[in-house]
Amino acid sequence: MIPKMIIIELYYSLFKGNTFSKLLQEKGYEVEQFAFFKTENKRFINKRAYIVREIICLFKVIFKLHSFRNNRVFCLGGYYAILLACRLFYPFSGKNFHLFIYNFYLHETGEKKLIQAILRFLLNNPKCTLIVQSPKEVDFYKRLTSIPVEFVPYCADIIPIKESYAFDFQPGSYIFTGGYTNRDYSLVLQCANAFPDQLFVIVASHLNTDFKENNIPENVMLFKNLPNTDFETLLAHAKIVLVPLKSDVGASGQMLCLSAMQHKKPIIYTDISSINYYFEDHVSGISYPLGSEKTLVKELGELINNPKLQETWGQNAYNLYMNNFTSAHRDAKLLELINS
């Protein structure tokens, strides 16, 4: 009998780059793709919009539930809707049904008691496996539920960048950081004050609350809501990349880390479990303790003045990425987990 896998995404447009779906087909699986919406309109949405989106997903998945019976479902979006529907109706899902939740993360929200209570209910499903992207998340979810919780590192392939460079400052002349969730931009601004002769480029969301016009140093260029192609272009032309995370709350910062590794950038990163497994400290990157301005300034000062070290650590980071963190590495781990 041919095994079947239903893969669920938020947007049909995301299936275009889904290498795991292709691998399943190569290994003899019948793959059915289902998404709640056609394309993504906004990269960042607020909490109210997120809740509305999940309610719409719930209504849509209810009409899809009949096809889940006795099949395996691999969920990549609409998590709360899928979890709730499968939790309520799992007695009718058939003995061969199993739900895999992948790429689900909470950040600071997971610290709230109400959210933890909701998760205990949603994850109380013996036919569910949760796949997370940091070792700390394994410990967090195992305190909430008895279902299997597995760790598979976040991986990604190299994103092509624009051939043209349309910004007003020179490539290789600045220190870069960016992202929306769980970023310690206040620490970056303090660091910029310590190096007034260095240009810092930050790409953030308009939802970030760390910025006020009167506290941004003159040597900081702040961009908000740039397209992902511009984000990658700025990162690829930086001389150093910072990954400054605010708290150790699970998966965050991985996309920034991998992009920097792919482009052979010397990286200074926060030493927390969501990203430190990507690096060998002082071999392929430099770590600093969470929130430590003193250590960050010290390590950055030493790296700024050592171009040879920048080149060596950038190359080492690239080698680590190519040997461990491409989508092929991730897909192989996911396939092994599902087949087991």
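The values are calculated or read from the model by the stated rules, or taken from the named source; none is laboratory data. Quantities reported herein were computed from a predicted structural model and do not represent experimental measurements. Heads up, the Cβs are rebuilt from the backbone with ideal geometry, glycines too, and the neighbour counts pull from every protein chain shown. Areas reflect the complete protein model, heavy atoms only, side chains present, ligands, DNA and RNA absent. Shrake-Rupley method; radii C 1.70, N 1.55, O 1.52, S 1.80 Å.
In the list K16, K60, K27, which residue meets the criterion of being over 23 Å from K333 (Cα atoms) and either under 19 Å from the mean Cα position of the chain (by Cα) or among the basic types (K, R) (or both)? Write out each step before concluding.
Numbers: K16 fails: over 23 Å from K333 (Cα atoms); K27 fails: over 23 Å from K333 (Cα atoms).
Matching residue, one of K16, K60, K27: K60.
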Which members of the range 12-49 meet the condition of being more than 24 Å from N228 (Cβ to Cβ) and either touching a His at 6+ places or on another chain (Cβ under 6 Å) or touching a residue at least 60 places away in the same chain (Cβ under 8 Å) (or both)?
L23, L24, K27
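Report the residue count in the range 77-132 for those that are assigned to a helix (DSSP H, G or I), over 23 Å from K60 (Cβ atoms) and in contact with a strand residue (DSSP E or B) (Cβ under 8 Å, 6 or more places away or on another chain). Quick ask: steps written out before the conclusion?
Of all residues in the range 77-132, those assigned to a helix (DSSP H, G or I) come to 79-92, 107-111, 113-122.
Imposing the further condition that a residue be over 23 Å from K60 (Cβ atoms) reduces the set to 107-111, 113-117, 120.
With in contact with a strand residue (DSSP E or B) (Cβ under 8 Å, 6 or more places away or on another chain) added as a condition, the list becomes none.
Adding up the residues that qualify gives 0.
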I want to confirm something. Restricting to the range 208-254 and keeping residues that are within 17 Å of P289 (Cα to Cα) and open to solvent by 20 Å² or more (accessible area, probe 1.4 Å), which single residue is modelled with the lowest pLDDT?
V249
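Can you work out which of the residues in the range 66-98 that are free of Cβ contacts under 8 Å to residues at least 60 places away in the same chain and under 21 Å from the mean Cα position of the chain (by Cα) is most open to solvent (accessible area, probe 1.4 Å)?
Within the range 66-98, the subset free of Cβ contacts under 8 Å to residues at least 60 places away in the same chain is 66, 69-70, 79-81, 83-98.
Then keep just the ones that are under 21 Å from the mean Cα position of the chain (by Cα); that gives 79-81, 83.
Values: Y79: 22, Y80: 57, A81: 3, L83: 3 Å².
Per the criteria, the residue is Y80.
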Listed by first then second residue, the pairs whose first member lies in the range 312-340 and is within 19 Å of I268 (Cβ to Cβ), whose partner is among the polar types (S, T, N, Q), with beta carbons under 8 Å and at least 6 positions apart or on separate chains, are W313/S284; N316/S284; A317/S284; Y318/Q262; N319/S284; L320/S284; Y321/Q262
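Quick check on my filter: what residues within the range 141-162 are charged (D, E, K, R) and either touching a Phe, Trp or Tyr at 6+ places or on another chain (Cβ under 6 Å) or in contact (Cβ under 8 Å) with a residue 24 or more places away in the chain (or both)? Can you show your working first?
Applying the first criterion (charged (D, E, K, R)) to the range 141-162 yields 142-143, 150, 157, 162.
Result: E150, D157, K162.
Select from the range 112-141 the residues that are among the charged types (D, E, K, R) and crowded, with 18+ Cβ neighbours inside 10 Å and write down the one among them that is farthest from the chain's Cα centre (by Cα). Walk me through it before giving the result.
Taking the range 112-141 and keeping what is among the charged types (D, E, K, R), we get 112-113, 120, 127, 136-137, 139.
Retained after the next criterion (residues that are crowded, with 18+ Cβ neighbours inside 10 Å): 127, 137.
Working: K127: 25, E137: 13 Å.
Looking at the filtered set, the residue picked out is K127.
Matching residues to (1) in contact with a helix residue (DSSP H, G or I) (Cβ under 7 Å, 6 or more places away or on another chain); (2) modelled with pLDDT under 90; (3) within 30 Å of N70 (Cβ to Cβ):
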{"residue": "T129", "(1), (2), (3)": "no, no, yes"}
{"residue": "K136", "(1), (2), (3)": "no, yes, no"}
{"residue": "Y154", "(1), (2), (3)": "yes, no, no"}
{"residue": "P160", "(1), (2), (3)": "no, yes, no"}
{"residue": "S164", "(1), (2), (3)": "no, yes, no"}
{"residue": "N182", "(1), (2), (3)": "yes, yes, no"}
{"residue": "L189", "(1), (2), (3)": "yes, no, no"}
{"residue": "H206", "(1), (2), (3)": "no, yes, no"}
Just need a number here: residues in the range 149-185 that are more than 22 Å from M322 (Cα to Cα) and more than 21 Å from the chain's Cα centre (by Cα).
13
